Amino acid sequence: MDIRDHSSQFTVYVFTSDVDQGAAAKVALSQAGYDAYFIQDPEQLEQRLNDTPPHLLVFATATLDGALSDFVVHVQKINDEIRFIAISNLGQFDILSQYQSFGFMDVISDDPAAMDNRVLWAVDRACEKLFLTMQNEQMYEDLETTKQQMEDVHAAALKSMQQQEQAESRPAFPMRIADYRSAQSKEDIIQRFLNNISSSRCLFFKFLPSVRSFVATHANGVDAAQIQGVGSQLTTDEMKDLGTQLAMGLIPPNFSQMVVEAFHLNPPKAIPLYANSHLEGLFVYSGGMDAKDIEHLNDEYTLFNLCYSHFVLEKKVDALEVQDFVTELYNRNHYVKILDEEVARGRRLKQPLAIVKIAMDDFYEIESSLGEAVRDELLKSLATVIAKSSRTNDTNFRTAANELTMVLPHCSKKGAALRAERVRRVVEGSSFLDNGMKISISLGVSEYPSLCDSAKTLDETAAKALAHIADKGGNKICLYKAPESHKPEFEIPAE
């Protein structure tokens, strides 16, 4: 997303006694489209917070007369939806990190160099998170609306069933809903729709926007071998007007000609399939079909579309609940759940479970000198390297600001150490970003049951190993050493 498309929706206050600092930050934010204000006087800030509370309050800790905690609590009493970005010296970062649960979204070094740009980066990132949170809330509302629509449709169908018998060729309405609801994927739902219109010849063409193409993936009344590799690429002009043309019931000329020649659907008609306002594909059928079959197809599509939209919304909400915004890996909450499950499974099957914790060396120095945007790009690139090195049953997470964790089922401490060293060498030998930047990483390794006895201690021991090697200068791996008193729950065969 481009936050510039939405920045005018956010109000930002900059509170600092440093006139140069505040004025520069205010100008940068205003030029970026934010509704920004610079405030020096505490009494004026108090009045504005009461009258028109902002979305974000950027403040310099040096400006506060009293304790930071008193200031934060006071602002939240006025409006607990206000979020904070602090400008502070590096020595206070550890203290400020403890305020994340109080609405703190970022901390910026008070180094005057490029301060206005760093404030803008932090505000952009915070507003992106706020915007996505609002979208998430909207998706929940949409999900509830869709559920209500489905209940209304269901109720109407039940009433209709009491008044007349349904055609023998069509299964009962509740059964059709249950059939769609039991699908495991979008592709599965699409195929079930085609199966439910078995008397009609119909094909589904998936839309691939990256290559401007429609590709046949599902069909009813056509042999599967006939649709393999069949598709049509759109011209640049056809792409520009695609949404408008489809809304008018028109099909791009080249695509229409291909359908006529390949499948003899003449004239071809199309029903576009959308999810979250994005075109997913087209259902294409012959306009020469019997009117009763077309009515059946349209009725079935209405039910299918409700179930499809509901499925997509559920999957989207599930992903937002477990995914880290920056790296697109799973987040810490999901990590805790998965780690408990994997340890229980390892105990049941008497198989080892290893984890590798990874931290970027010089993380805070990179953040301070190059900014949060560069830091996030490096984290995302590191997450990509880790994902590419993973097995099918491995799971990767972002478990802290500077901590990525690999969960490795059926992997001993020796195997985990080898995996960790391989990742370290790949990162050491790679270049990142457009300027070919080099980074290094530190890695801490632990394993259940040889080195610990639970999910909690597995996480803690790997964290201790990581902290130990990071303190020694980094760019190495460290395997946790269990105390002599530790007795494994079961023995791992020697490798």
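Any read-out appearing in this document is the output of simple, stated calculations on the displayed coordinates, not a laboratory observation. As the structure is a computational prediction, the values presented were derived from the model and not from experiment. When we count neighbours, we look across all protein chains shown, and the Cβ atoms used for this are built from the backbone with ideal geometry, even at glycine.
Odds and ends about this structure:
- Sorting 379-386, 397-404 by their mean Cβ neighbour count within 10 Å, with the most densely packed peptide first, gives 397-404, 379-386.
- Ordering of 370-377, 111-118 by packing [mean C-beta count within 10 Å, highest first]: 370-377, 111-118
- Rounded if a/c under 1.5, otherwise prolate or oblate - segment 3-133, Cα gyration tensor axes: rounded
- Residues in segment 429-443 reached by a label modelled at K388 [backbone nitrogen below 13 Å; 7 Å Cα→Cβ]: 429-433
- Entry for Cα Rg over 2.2 N^0.38 Å (calculated from the structure that is shown) out of (1) 1.01; (2) 1.23; (3) 0.97: (2)
- The modelled label-to-label distance for the pair F93/L418, using points 7 Å beyond Cα in the direction of Cβ, is 3.7 nm.
- Label zone at F490 (point 7 Å along Cα-to-Cβ), backbone N below 19 Å, segment 373-414: 408-414
- Estimated FRET transfer efficiency when R0 is 56 angstrom, pair S440-N266 (beta carbons, to 0.05): 0.30
- A crude spin-label estimate for the pair Q135 and S210, with each label 7 Å from Cα along the Cβ direction, gives 1.8 nm.
- Between the beta carbons of E46 and D80, assuming R0 = 22 Å, the FRET efficiency works out to 0.85 to the nearest 0.05.
- Considering only the chain, percent of DSSP beta bridges that pair antiparallel, nearest 5: 65 percent
- Nearest-ten-degree value, helix 68-78 long axis tilted from longest Cα axis of the chain: 40 degrees
- Centroid-to-centroid separation of segment 261-281 and segment 306-374 [C-alpha atoms, Å]: 37 Å
- Angle of helix 253-263 to the longest C-alpha principal axis of the chain, folded into 0 to 90 degrees and rounded to 10: 60°.
- Between helix 19-31 and the chain: long-axis angle, C-alpha atoms, 0 to 90°, nearest 10: 10 degrees
- Within the same chain, lysines fewer than 8 places from K26 are excluded, and of the rest, those with a Cα less than 28 Å from its Cα are K77, K129.
- FRET efficiency for the pair V153 and D290, taken as 1/(1 + (r/R0)^6) with r the Cβ-Cβ distance and R0 = 22 Å, rounds to 0.30.
- Length-normalised contact order for the chain - Cα pairs under 8 Å, 6+ apart - percent: 9 percent
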